[in-house]
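Worksheet: the structure to be examined is printed underneath.
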Amino acid sequence: MKKQYSTNDIYSFIAEKITTGKYPSGYRLVENDIATEFGVSRTPVRLAIEKLVSEGLVRHIPNKGAVVRQMSVDDIRGLYQLREVSEGLAARLAAQRCTDKDIENMNAILKEMDEVLEADNIHQYYVLCGKIHHYIFNMTGNDFIIDFIGRIYTITSRYHVAVLYIPGRSLGSIEEHHKVVEAIATRDGDLAEATMKEHVRKSGSFYNNPEILSSLQALSRIDWNRS
């Protein structure tokens, strides 16, 4: 029996293509083509695209339609600044609400991260980075914070992946994630916030390094028009 694809299936497919760079900045999403590929009507495709628009990954351009959002280095730097502040707050709130079960769950994710990194699977490591960050966001118990940070995290996904491919960065990243979890586990809000902010700051700092910007450009296909 032929698989019936839902709006969420189509959304996940397009989102992965965007975050991995297979659909580069400016790539046009043609409803008819996508509908034909999945064997569905245009309605679920349109709904999937609108969800991507609401998350900031896609935008509508007059006379062109839906295209993958273009980002300049200045845009990315600004988003990392937002992530630093908002995720620092999330870590503080998570520490204040942290349970023994949360610590157990976070350490289980860290174990998975250690294992895939040992196998040099950077893509799966990135997926698990998202898993632990979103777990921490959810620990806040604040739906507004969860939604706000989640949207920013999604928009920066492609640029986060690019950073992880910089030689040595994944090792620094896993060490920082362990420190973040350890800080949250102490239930010390100040320490948790400072540790998370430092982690996000280090990740974003690569976009301030002119020596590696060309490598990041190739990895994430960034539009440099305002840098």
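The values are calculated or read from the model by the stated rules, or taken from the named source; none is laboratory data. Computed from a predicted model, the values in this text were never measured in an experiment. Here Cβ is always computed from backbone atoms with ideal geometry, including for glycine, and neighbour counts include all displayed protein chains.
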For segment 2-20, the count of residues that are out of contact with any Gly (no Cβ under 8 Å at 6 or more places or on another chain) and either on the phi > 0 side of the Ramachandran plot or hydroxyl-bearing (Ser, Thr, Tyr) (or both) equals 6
A careful count of residues in segment 11-45 that are within 26 Å of the chain's Cα centre (by Cα), assigned to a loop (DSSP other than H, G, I, E, B) and more than 14 Å from Val67 (Cα to Cα) gives 1
If we scan segment 157-171, do we find a residue that is buried (at least 16 other Cβ atoms within 10 Å of the Cβ), outside the structural domain of Thr19 (by TED's automatic domain parsing) and closer than 17 Å to Arg92 by Cβ? no
The residue that is surrounded by the fewest Cβ atoms within 10 Å (Cβ to Cβ), considering only those in segment 114-132 that are among the aliphatic types (A, V, I, L, M) and over 24 Å from Gly189 (Cα atoms), is Ala119
The condition of being assigned to a helix (DSSP H, G or I) and modelled with pLDDT of 95 or more holds, among Val127, Val181, only for Val181
Can we say Val161 is modelled with pLDDT under 90 and closer than 22 Å to Leu82 by Cα?
yes
In segment 184-195, anything polar (S, T, N, Q) and assigned to a helix (DSSP H, G or I) is listed as Thr195
When every residue in segment 46-84 that is part of a loop (DSSP other than H, G, I, E, B) and of a type in the set (A, V, I, L, M, F, W, C) is compared, the one nearest to Tyr5 (Cα to Cα) is Leu57
Filter segment 172-191 for residues that are under 20 Å from the mean Cα position of the chain (by Cα) and of a type outside the set (Val, Ile, Thr); the one that is surrounded by the fewest Cβ atoms within 10 Å (Cβ to Cβ) is Glu175
Arg83 meets each of (1) surrounded by 20 or more Cβ atoms within 10 Å (Cβ to Cβ); (2) basic (Lys, Arg); (3) not assigned by TED's automatic domain parsing to the domain that holds Ile149 with one exception, condition (3)
Taking first residues from segment 90-103 that are in the same structural domain as Asp143 (by TED's automatic domain parsing) and second residues anywhere that are aromatic (Phe, Trp, Tyr), the pairs with Cβ under 6 Å that are 6 or more apart or on different chains are Ala90/Phe137
In segment 11-41, anything under 14 Å from Val53 (Cβ atoms) and of a type in the set (A, V, I, L, M) is listed as Ile14, Ala15, Ile18, Leu29
- Could you please let me know if Ile61 is touching a strand residue (DSSP E or B) at 6+ places or on another chain (Cβ under 6 Å) and β-branched (Val, Ile, Thr)? yes
Looking only at segment 147-166, decide whether some residue is assigned to a helix (DSSP H, G or I), among the β-branched types (Val, Ile, Thr) and free of Cβ contacts under 8 Å to residues at least 24 places away in the same chain.
no
Exercise for review: May I ask you to verify whether Ile109 is within 18 Å of the chain's Cα centre (by Cα) and modelled with pLDDT of 95 or more?
Suggested key: yes
With the first residue restricted to segment 192-214 and required to be within 17 Å of Pro167 (Cβ to Cβ), and the second required to be buried (at least 22 other Cβ atoms within 10 Å of the Cβ), Cβ contacts under 6 Å at 6 or more apart or on different chains are Ser203/Val163; Phe206/Val163; Tyr207/Ile76
